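Working notes, beginning with the structure itself.
The values are calculated or read from the model by the stated rules, or taken from the named source; none is laboratory data. Since this is a predicted model, take the numbers as computed values, not measurements. For neighbour counting, all protein chains shown are included, and Cβ atoms are generated from backbone atoms with ideal geometry for every residue, glycine included. Keep in mind that these areas ignore ligands, DNA and RNA; they rest on the heavy atoms of the full protein, side chains included. Shrake-Rupley method; radii C 1.70, N 1.55, O 1.52, S 1.80 Å.
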Amino acid sequence: MAHTQDDARTFQRVAPAQSVADRVVSEVEAMIKAEELTPGHRIGTRQELCEQFGVAPATLGEALRVLRARGSVDLRPGPGGGIFVADQSPLIRLAHSVLRLRQTGAPVHDVVKVLDALDEAVMGDAVVHRTDTDIADLDALMAEIADHWHDPVEGLHGNWRLHRRIAEISPNAVLRTFYLNLVDYIEGETSGSTDDADLSVPGFRPDTDERLHIHTALIEAIRSGDVEAGRKAVLDHRTLGR
């Protein structure tokens with residue numbers, strides 16, 4: 001069954017009830033953003049923040065651990081010390097943006113388009129860097145996929161396991177991390193769906209025999225170490241049914 005672009009669904013996450021520490025984290029980060037506080041700005045002392053948010057020192061300590069782990073604040077001891085706005089690296093800011101997307105939801109169709117754009121880089125790395133162990137794992141996954149390809153749930157899960165394993169070959173940690181997180185997001189949002197358009201891609205059918213052959217071609221390109229064959233397989237994988 002074909003679907004139009006208007007059918008692309010947006011998944012809205014239901015936020016779980018926040019703990020008191022989580023609320024403090026959210027409010028501190030919202031304050032930094034709303035007031036456009038610059039790195040090095042002094043937010044206050046522990047005592048001042050306990051009074052401001054009406055929380056116990058232990059609760060504030062828990063919130064500060066999270067804020068430090070996220071790179072949102074720095075803690076400085078001694079006279080003139082306290083809690084300060086941290087100088088976040090671009091990667092940390094990017095991680096926060098991705099986290100917000102996971103919390104608020106994003107159209108699966110949009111995530112699929114980004115994944116498509118990364119496929120060529122992932123496959124290029126897999127073709128060049130694959131080992132005998134990688135090939136053996138991919139062959140085993142492909143055999144399992146072939147057995148369940150037309151099952152609307154198991155077939156799709158097998159597909160994502162295969163793509164994860166291909167991405168794990170890449171020595172590029174940034175590429176590998178982003179790709180795997182996108183796959184996790186897509187699979188999480190489509191979990192349990194039996195709709196033939198559960199990736200919200202117009203005209204897309206994930207379980208056709210042609211689609212199965214294309215995945216076989218991906219593995220054969222990786223096995224051969226042929227970069228051009230890898231590019232062709234990625235192009236076929238990207239454009240079929242789009």
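How do 163-171, 29-37 rank on mean C-beta neighbours within 10 Å, highest first? Walk me through the numbers on the way to the answer.
Numbers: 163-171: 19.2, 29-37: 12.2.
Averaged packing, sorted descending, gives the order 163-171, 29-37.
When the Debye formula is applied to the Cα atoms of the range 107-147, each taken as the same point scatterer, what base-10 log of I(q)/I(0) results at q = 0.25, 0.30, 0.35 Å⁻¹? Here log10 of I(q) over I(0) equals -0.86, -0.89, -0.98.
Let me check something: with ligands and nucleic acids excluded, how do T190, T216, T133 order by accessible area (1.4 Å probe), largest to smallest?
In descending accessible area the options line up as T133, T216, T190.
Going from most exposed to least, what order do F84, F178 have by accessible area with a 1.4 Å probe?
Numbers: F84 15, F178 75 Å².
Ranking F84, F178 by accessible area, largest first, yields F178, F84.
Between the amide H of G44 and those of I83, distances stay under 5 Å, these residues lying 5 or more places away or on another chain, with hydrogens modeled in the peptide plane.
Evaluating 6.51 cos²θ - 1.76 cosθ + 1.60 at θ = phi - 60° for every residue in the range 228-238, the Karplus couplings come out as 5, 5, x, 5, 5, 4, 5, 4, 4, 5, 6 Hz, glycine and proline recorded as x.
Please compute the net charge surrounding I83, taking Lys and Arg as +1 and Asp and Glu as -1 over other residues with Cβ under 10 Å from its Cβ.
Charge balance in the 10 Å sphere: +2.
Run the paramagnetic zone check for V128: 7 angstrom along Cα to Cβ, then residues of the range 155-172 with backbone nitrogen under 14 Å. Only 169-172 pass the distance filter. Translational diffusion coefficient of the range 31-121 (Stokes-Einstein, Kirkwood radius from Cα pairs, 25 °C, 0.890 mPa s): 159 µm²/s. In summary, the convex hull built on the alpha carbon positions of the range 43-185 has an orientation-averaged projected area of 12.6 nm².
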